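A short write-up of the structure that comes next.
The values are calculated or read from the model by the stated rules, or taken from the named source; none is laboratory data. A quick note: this is a predicted structure, and the numbers were derived from the prediction, not measured. We place every Cβ from the backbone using ideal geometry, glycine too, and count neighbours over all the protein chains shown. Side chains are part of the model used for accessible areas, which takes the heavy atoms of the whole protein and leaves out ligands, DNA and RNA. Shrake-Rupley method; radii C 1.70, N 1.55, O 1.52, S 1.80 Å.
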Amino acid sequence: MKTVLFHQHGGPDVLQYTEFPTPDPRPGEALIRLHAAALNRMDVMVRNGWPGLKLEMPHVNGADGAGEIAAINSLPLGGDGSEVRVDTLEAGELETRGLEIGDHVVINANFGCGKCEFCVAGKDNMCRNWHLLGETIRGTYAEYVSVPLRQLYKLPHDFDYHQAAASALVYQTAWHSLVKRGNLQKEETVLIVGAGGGVNTASVQIAKWLGAQVAVVGSDAKKLSMAESVGADLLIDRSKEEDWSKAVYLATNKRGVDVVVDNVGTTFMMSLRALRKGGRLLTVGNSGGPKIEIDNRYMFAKHLSILGSTMSTLPDFRAVMDLIVTGKLKPVMDKTYPLKDAAAAQERLWRNENFGKITLDIGS
Ligand SMILES: [Zn+2]
């Protein structure tokens with residue numbers, strides 16, 4: 001198959017468009033013929049590498065992908081009909097989770113083992129043997145990928161592969177953070193720090209869908225106009241309001257907001273100042289860098305909580321994809337590149353030149 005891979009970490013020129021063996025689906029897996037992959041900033045971080053990151057080279061980037069099922073290696077069905085239990089196998093019983101060859105699917109990149117205490121409790125994004133497609137295992141910048149059947153969401157036949165791929169990682173991440181960790185309520189106020197990225201755009205839409213009031217602080221008018229187009233109520237231009245926590249404070253009659261979504265990290269102090277007493281700061285990322293300093297007095301004096309999470313659970317993924325395929329949530333799409341131009345696509349993303357999600361076209 002054709003793929004874009006790298007043999008060592010580095011800049012965009014380590015990416016090679018080349019042939020690589022098509023992966024064989026293992027028991028319980030489907031081979032997906034990919035039509036679209038979507039980019040995430042994580043792709044570039046993995047390509048660059050970080051201390052402690054150990055990959056089996058060559059590595060293939062890509063957490064997000066959508067395509068059609070080309071083959072299924074059926075899962076022998078356990079005695080209880082729910083999960084594979086090797087000790088209860090009966091010959092001839094097979095499980096395909098209702099999926100068939102030719103079905104259109106989108107992949108959930110959050111791989112739980114299905115067996116550990118967290119997976120059994122339905123918290124598979126806390127799995128003790130957790131994998132993220134494209135980070136710890138080879139991903140979707142390829143014509144084919146093999147993934148466990150439980151990671152697949154069946155798409156309506158006429159649903160666009162690029163929109164599906166663009167939605168999977170960012171919407172589940174935003175959903176789990178806002179709905180499950182943040183318990184965001186209708187009529188609460190939420191401030192989203194950053195107007196550009198995919199998770200933030202998804203967060204604006206999900207918060208509006210829940211009935212919350214949404215403020216967004218962004219670095220330029222163009223990105224703020226995108227936030228407005230997906231429903232943001234209050235726009236704060238960081239280039240004009242350097243201390244935006246004060247602007248939020250004044251805009252809320254000196255009360256502060258109920259929830260802040262801060263995936264920048266280095267802005268935590270301003271986020272803590274923007275919160276009301278008892279407010280929650282939600283974080284799923286650190287686009288501004290990993291090390292931050294906070295003034296602990298804000299934490300206890302204002303009764304604040306910082307709630308972190310990554311990705312989501314299988315039910316969260318299905319819930320949010322149901323809203324995507326019915327058009328209640330809609331990803332903002334930027335530009336599509338052919339698979340062979342993945343390096344140029346990553347450069348556009350890394351330089352923040354995009355306005356929505358960038359996707360790769362992988363044959364049709
Ligand atoms: Zn697990």
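General observations
- Condition met for Glu100 (modelled with pLDDT of 90 or more and touching a His at 6+ places or on another chain (Cβ under 9 Å)): no
- Count - residues of segment 286-305 that are surrounded by 10 or more Cβ atoms within 10 Å (Cβ to Cβ) and in contact (Cβ under 8 Å) with a residue 24 or more places away in the chain: 11
- Any hit, segment 103-113, residues being farther than 18 Å from Ile72 by Cα and acidic (Asp, Glu): no
- Residue tally, condition touching a residue at least 40 places away in the same chain (Cβ under 8 Å) and open to solvent by 70 Å² or more (accessible area, probe 1.4 Å), over segment 308-335: 4
- Within segment 126-136, tally of residues that are open to solvent by 20 Å² or more (accessible area, probe 1.4 Å) and either within 16 Å of the chain's Cα centre (by Cα) or closer than 24 Å to Asp322 by Cα (or both): 5
- When the residues of segment 13-68 are filtered to those that are part of a helix (DSSP H, G or I) and of a type in the set (Val, Ile, Thr), the one that is most open to solvent (accessible area, probe 1.4 Å) is Val14.
- Strands (runs of 3 or more DSSP E) fully within segment 247-364 that include at least 2 residues being closer than 30 Å to Met1 by Cα: 333-338, 357-361.
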